[in-house]
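Note sheet for the following structure.
The values are calculated or read from the model by the stated rules, or taken from the named source; none is laboratory data. Note that the structure is a prediction, hence the values are computed from the model and not measured. Here the Cβ is made from the backbone with ideal geometry for all residues, glycine too, and neighbour counts use every protein chain on show.
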Amino acid sequence: NVQRRKISERIESVKHIPAVFYFDNLLTYERDRLVEQGVYFVVADKFAFVPTLIINRRSTKSEIKELFYPSTQYILLYHLQIESLDGLSLKELEDKVPYKYKTIAKSIKQLEALGLVRLEGSRNKKLVFEMSGKELWDNVSTNLIDPIKSIEYTSDIFPEGDVGGISALSHYSMLASEDVPTRVLTAEWVREHKSSIPELHSFEDTQRIEIWKYPPLGTSGYVDKLSLYLTLKDDKDPRVEKEIEIMMNEIKW
(Lines give C-alpha, C1' and ligand atoms only; values in the text may rest on other atoms or scores of the structure.)
Protein backbone atom coordinates (compact mmCIF):
# COMPACT_ATOMS: atom_id res chain seq x y z
CA ASN A 1 0.00 0.00 0.00
CA VAL A 2 2.88 2.34 0.74
CA GLN A 3 4.35 1.27 -2.60
CA ARG A 4 1.09 2.09 -4.38
CA ARG A 5 1.07 5.52 -2.74
CA LYS A 6 4.58 6.17 -4.02
CA ILE A 7 3.62 4.99 -7.50
CA SER A 8 0.55 7.23 -7.58
CA GLU A 9 2.57 10.22 -6.37
CA ARG A 10 5.11 9.68 -9.17
CA ILE A 11 2.33 9.44 -11.76
CA GLU A 12 0.66 12.59 -10.44
CA SER A 13 3.93 14.54 -10.46
CA VAL A 14 4.29 13.79 -14.18
CA LYS A 15 0.67 13.86 -15.39
CA HIS A 16 -0.71 16.43 -12.90
CA ILE A 17 -3.94 14.44 -12.52
CA PRO A 18 -5.00 12.00 -9.79
CA ALA A 19 -3.89 8.37 -10.18
CA VAL A 20 -6.60 5.84 -9.39
CA PHE A 21 -6.04 2.08 -8.97
CA TYR A 22 -8.73 -0.32 -10.18
CA PHE A 23 -9.49 -3.66 -8.49
CA ASP A 24 -12.00 -6.38 -9.34
CA ASN A 25 -12.11 -7.35 -5.65
CA LEU A 26 -10.52 -6.01 -2.49
CA LEU A 27 -10.72 -7.23 1.10
CA THR A 28 -12.02 -4.73 3.66
CA TYR A 29 -8.73 -4.49 5.57
CA GLU A 30 -6.84 -3.89 2.31
CA ARG A 31 -9.33 -1.17 1.39
CA ASP A 32 -8.87 0.47 4.80
CA ARG A 33 -5.10 0.46 4.41
CA LEU A 34 -5.35 2.16 1.02
CA VAL A 35 -7.62 4.81 2.51
CA GLU A 36 -5.14 5.39 5.35
CA GLN A 37 -2.35 5.86 2.79
CA GLY A 38 -4.50 8.25 0.76
CA VAL A 39 -4.40 5.98 -2.29
CA TYR A 40 -7.31 6.57 -4.67
CA PHE A 41 -9.00 3.41 -5.90
CA VAL A 42 -12.12 1.85 -7.38
CA VAL A 43 -13.37 -1.68 -6.62
CA ALA A 44 -15.42 -2.76 -9.66
CA ASP A 45 -18.92 -1.28 -9.20
CA LYS A 46 -18.89 -1.76 -5.43
CA PHE A 47 -16.73 0.95 -3.90
CA ALA A 48 -14.77 4.06 -4.80
CA PHE A 49 -12.37 6.22 -2.84
CA VAL A 50 -11.64 9.25 -5.00
CA PRO A 51 -12.03 12.35 -2.77
CA THR A 52 -10.73 14.71 -5.46
CA LEU A 53 -13.76 13.99 -7.63
CA ILE A 54 -16.10 14.65 -4.72
CA ILE A 55 -14.47 17.85 -3.57
CA ASN A 56 -13.07 19.45 -6.72
CA ARG A 57 -15.96 18.94 -9.11
CA ARG A 58 -16.83 22.47 -10.19
CA SER A 59 -20.14 23.71 -8.82
CA THR A 60 -22.67 25.62 -10.86
CA LYS A 61 -24.45 28.49 -9.16
CA SER A 62 -27.60 26.42 -8.90
CA GLU A 63 -25.69 23.83 -6.86
CA ILE A 64 -24.48 26.29 -4.24
CA LYS A 65 -26.88 26.26 -1.32
CA GLU A 66 -26.66 29.43 0.74
CA LEU A 67 -28.25 28.06 3.91
CA PHE A 68 -26.08 25.53 5.70
CA TYR A 69 -26.85 21.85 5.70
CA PRO A 70 -27.20 20.68 9.32
CA SER A 71 -23.90 18.79 8.98
CA THR A 72 -22.16 21.92 7.64
CA GLN A 73 -23.36 23.96 10.59
CA TYR A 74 -22.25 21.27 13.03
CA ILE A 75 -18.75 21.21 11.51
CA LEU A 76 -18.47 24.99 11.60
CA LEU A 77 -19.68 25.24 15.22
CA TYR A 78 -17.36 22.42 16.24
CA HIS A 79 -14.47 24.37 14.72
CA LEU A 80 -15.50 27.56 16.53
CA GLN A 81 -16.27 26.06 19.94
CA ILE A 82 -14.64 22.68 20.51
CA GLU A 83 -11.31 22.62 18.65
CA SER A 84 -9.78 23.92 15.46
CA LEU A 85 -10.24 21.73 12.38
CA ASP A 86 -7.55 23.55 10.42
CA GLY A 87 -5.05 21.18 8.85
CA LEU A 88 -7.22 18.06 9.05
CA SER A 89 -8.11 15.83 6.12
CA LEU A 90 -11.68 14.79 5.44
CA LYS A 91 -10.83 11.31 6.67
CA GLU A 92 -9.56 12.77 9.95
CA LEU A 93 -12.79 14.75 10.30
CA GLU A 94 -14.67 11.45 10.56
CA ASP A 95 -13.06 10.97 13.98
CA LYS A 96 -14.24 14.39 15.14
CA VAL A 97 -17.83 14.76 13.95
CA PRO A 98 -20.83 12.35 13.92
CA TYR A 99 -21.05 12.12 10.13
CA LYS A 100 -19.84 9.75 7.43
CA TYR A 101 -17.23 10.66 4.84
CA LYS A 102 -19.76 11.36 2.07
CA THR A 103 -21.73 13.80 4.24
CA ILE A 104 -18.54 15.51 5.42
CA ALA A 105 -17.40 15.91 1.81
CA LYS A 106 -20.74 17.47 0.88
CA SER A 107 -20.46 19.94 3.78
CA ILE A 108 -16.87 20.91 3.00
CA LYS A 109 -17.84 21.42 -0.63
CA GLN A 110 -20.54 23.83 0.54
CA LEU A 111 -18.10 25.73 2.76
CA GLU A 112 -15.62 25.87 -0.11
CA ALA A 113 -18.24 27.13 -2.57
CA LEU A 114 -19.17 29.89 -0.12
CA GLY A 115 -15.53 30.95 0.16
CA LEU A 116 -15.18 29.97 3.80
CA VAL A 117 -12.58 27.22 3.46
CA ARG A 118 -10.06 25.94 0.97
CA LEU A 119 -8.39 22.56 0.54
CA GLU A 120 -4.62 22.39 0.28
CA GLY A 121 -2.31 19.64 -0.94
CA SER A 122 -2.36 17.18 -3.80
CA ARG A 123 -3.20 14.11 -1.73
CA ASN A 124 -5.17 13.83 1.48
CA LYS A 125 -6.21 17.44 1.06
CA LYS A 126 -6.13 19.47 4.25
CA LEU A 127 -8.86 21.82 5.38
CA VAL A 128 -7.97 25.49 5.84
CA PHE A 129 -10.47 28.06 7.10
CA GLU A 130 -10.19 31.44 5.41
CA MET A 131 -11.24 33.28 8.59
CA SER A 132 -11.27 32.54 12.29
CA GLY A 133 -13.18 33.29 15.46
CA LYS A 134 -15.59 36.22 15.52
CA GLU A 135 -14.80 37.18 11.93
CA LEU A 136 -15.85 33.74 10.71
CA TRP A 137 -19.02 33.78 12.84
CA ASP A 138 -20.00 37.23 11.55
CA ASN A 139 -19.43 36.19 7.94
CA VAL A 140 -21.78 33.21 8.16
CA SER A 141 -24.68 35.08 9.76
CA THR A 142 -26.85 34.74 6.64
CA ASN A 143 -25.98 31.06 6.16
CA LEU A 144 -26.87 29.78 9.63
CA ILE A 145 -30.04 27.76 10.19
CA ASP A 146 -32.31 27.41 13.20
CA PRO A 147 -31.22 24.16 14.89
CA ILE A 148 -34.81 23.34 15.89
CA LYS A 149 -36.73 21.05 13.56
CA SER A 150 -39.85 20.89 15.73
CA ILE A 151 -41.07 21.64 19.25
CA GLU A 152 -42.95 18.98 21.16
CA TYR A 153 -44.27 18.60 24.70
CA THR A 154 -44.75 15.76 27.13
CA SER A 155 -46.79 15.40 30.31
CA ASP A 156 -43.99 13.33 31.88
CA ILE A 157 -40.64 14.51 33.20
CA PHE A 158 -38.10 13.36 30.62
CA PRO A 159 -34.43 13.26 31.71
CA GLU A 160 -32.75 12.36 28.41
CA GLY A 161 -30.89 14.74 26.12
CA ASP A 162 -29.00 17.96 26.74
CA VAL A 163 -30.68 20.88 28.46
CA GLY A 164 -31.71 23.65 26.06
CA GLY A 165 -33.93 26.71 25.84
CA ILE A 166 -34.33 29.06 28.80
CA SER A 167 -32.86 26.49 31.19
CA ALA A 168 -29.63 26.40 29.17
CA LEU A 169 -29.54 30.20 29.02
CA SER A 170 -29.96 30.34 32.80
CA HIS A 171 -26.93 28.04 33.08
CA TYR A 172 -24.86 30.53 31.10
CA SER A 173 -26.37 33.69 32.66
CA MET A 174 -28.25 35.15 35.62
CA LEU A 175 -31.69 34.39 34.18
CA ALA A 176 -34.04 32.27 36.28
CA SER A 177 -34.47 28.71 35.02
CA GLU A 178 -37.65 26.95 33.95
CA ASP A 179 -39.42 24.77 36.53
CA VAL A 180 -38.90 21.79 34.21
CA PRO A 181 -35.91 22.10 31.89
CA THR A 182 -36.28 22.02 28.13
CA ARG A 183 -34.67 18.89 26.72
CA VAL A 184 -33.01 18.65 23.32
CA LEU A 185 -33.10 15.51 21.21
CA THR A 186 -32.16 14.89 17.59
CA ALA A 187 -34.66 13.60 15.06
CA GLU A 188 -32.44 10.55 14.59
CA TRP A 189 -32.37 9.82 18.34
CA VAL A 190 -36.17 10.05 18.53
CA ARG A 191 -36.54 7.58 15.66
CA GLU A 192 -34.15 5.12 17.29
CA HIS A 193 -35.77 5.34 20.76
CA LYS A 194 -39.39 5.83 19.78
CA SER A 195 -40.57 2.91 21.89
CA SER A 196 -38.87 4.13 25.07
CA ILE A 197 -39.81 7.83 25.15
CA PRO A 198 -43.06 9.28 26.49
CA GLU A 199 -45.80 10.36 24.10
CA LEU A 200 -45.01 13.71 22.50
CA HIS A 201 -47.63 16.21 21.38
CA SER A 202 -47.81 19.75 19.99
CA PHE A 203 -49.85 21.49 22.72
CA GLU A 204 -48.03 23.03 25.70
CA ASP A 205 -47.64 20.70 28.65
CA THR A 206 -45.30 19.88 31.53
CA GLN A 207 -42.03 19.67 29.59
CA ARG A 208 -40.82 21.21 26.37
CA ILE A 209 -38.86 18.99 24.00
CA GLU A 210 -36.89 20.47 21.13
CA ILE A 211 -36.12 18.18 18.20
CA TRP A 212 -32.92 19.41 16.57
CA LYS A 213 -31.58 18.99 13.05
CA TYR A 214 -28.08 18.23 14.34
CA PRO A 215 -26.64 17.13 17.69
CA PRO A 216 -25.88 19.95 20.13
CA LEU A 217 -22.19 20.35 20.84
CA GLY A 218 -22.47 20.75 24.60
CA THR A 219 -20.06 18.73 26.70
CA SER A 220 -21.52 19.52 30.15
CA GLY A 221 -25.14 18.48 29.65
CA TYR A 222 -26.16 21.84 28.17
CA VAL A 223 -26.42 22.77 24.50
CA ASP A 224 -23.58 24.84 23.06
CA LYS A 225 -23.78 28.62 23.27
CA LEU A 226 -23.84 29.38 19.56
CA SER A 227 -26.62 26.91 18.81
CA LEU A 228 -28.52 28.21 21.84
CA TYR A 229 -28.19 31.74 20.51
CA LEU A 230 -29.70 30.61 17.20
CA THR A 231 -32.71 29.09 18.96
CA LEU A 232 -33.38 32.18 21.12
CA LYS A 233 -32.25 35.15 19.02
CA ASP A 234 -35.82 35.98 17.96
CA ASP A 235 -37.26 35.77 21.48
CA LYS A 236 -38.86 39.15 22.25
CA ASP A 237 -38.64 38.87 26.05
CA PRO A 238 -36.33 41.78 27.06
CA ARG A 239 -34.73 39.67 29.81
CA VAL A 240 -33.87 36.93 27.32
CA GLU A 241 -32.55 39.44 24.79
CA LYS A 242 -30.30 41.01 27.43
CA GLU A 243 -28.89 37.73 28.75
CA ILE A 244 -28.31 36.41 25.21
CA GLU A 245 -26.34 39.57 24.44
CA ILE A 246 -24.25 39.16 27.61
CA MET A 247 -23.60 35.47 26.86
CA MET A 248 -22.42 36.24 23.32
CA ASN A 249 -20.20 39.10 24.48
CA GLU A 250 -18.50 36.80 26.99
CA ILE A 251 -17.51 34.21 24.38
CA LYS A 252 -13.72 34.02 24.03
CA TRP A 253 -13.25 33.65 20.31
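Observations on the model:
- Of the residues making up the range 214-229, those that are touching an Asp or Glu at 6+ places or on another chain (Cβ under 8 Å) and crowded, with 19+ Cβ neighbours inside 10 Å number 4.
- Screening residue 141 with (1) assigned to a loop (DSSP other than H, G, I, E, B); (2) more than 26 Å from residue 234 (Cα to Cα) gives one miss only, at (2).
- Selection over the range 198-245 of residues that are farther than 21 Å from residue 74 by Cα, out of contact with any Ser or Thr (no Cβ under 6 Å at 6 or more places or on another chain) and in contact (Cβ under 8 Å) with a residue 40 or more places away in the chain gives a count of 7.
- Residue satisfying condition, being touching a residue at least 60 places away in the same chain (Cβ under 8 Å) and among the charged types (D, E, K, R), within set 96, 134, 102: 134
- If you filter the range 177-195 down to residues that are assigned to a strand (DSSP E or B) and β-branched (Val, Ile, Thr), you find that the one that is nearest to residue 210 (Cα to Cα) is 184.
- Breaking point among (1) in the same structural domain as residue 75 (by TED's automatic domain parsing); (2) surrounded by fewer than 16 Cβ atoms within 10 Å (Cβ to Cβ); (3) in contact (Cβ under 8 Å) with a residue 60 or more places away in the chain; (4) not in a helix (DSSP H, G or I), for residue 174: (1)
- Of all positions in the range 31-39, none carries a residue that is polar (S, T, N, Q), surrounded by 13 or more Cβ atoms within 10 Å (Cβ to Cβ) and in contact (Cβ under 8 Å) with a residue 60 or more places away in the chain.
- Check on residue 190, modelled with pLDDT of 95 or more and not assigned by TED's automatic domain parsing to the domain that holds residue 83: no
- Residue in the range 160-170 that is part of a strand (DSSP E or B), among the polar types (S, T, N, Q) and surrounded by 12 or more Cβ atoms within 10 Å (Cβ to Cβ) present: no
- Within the range 5-40, the set of residues being of a type outside the set (A, V, I, L, M) and in contact with an Asp or Glu (Cβ under 7 Å, 6 or more places away or on another chain) comprises 18 only.
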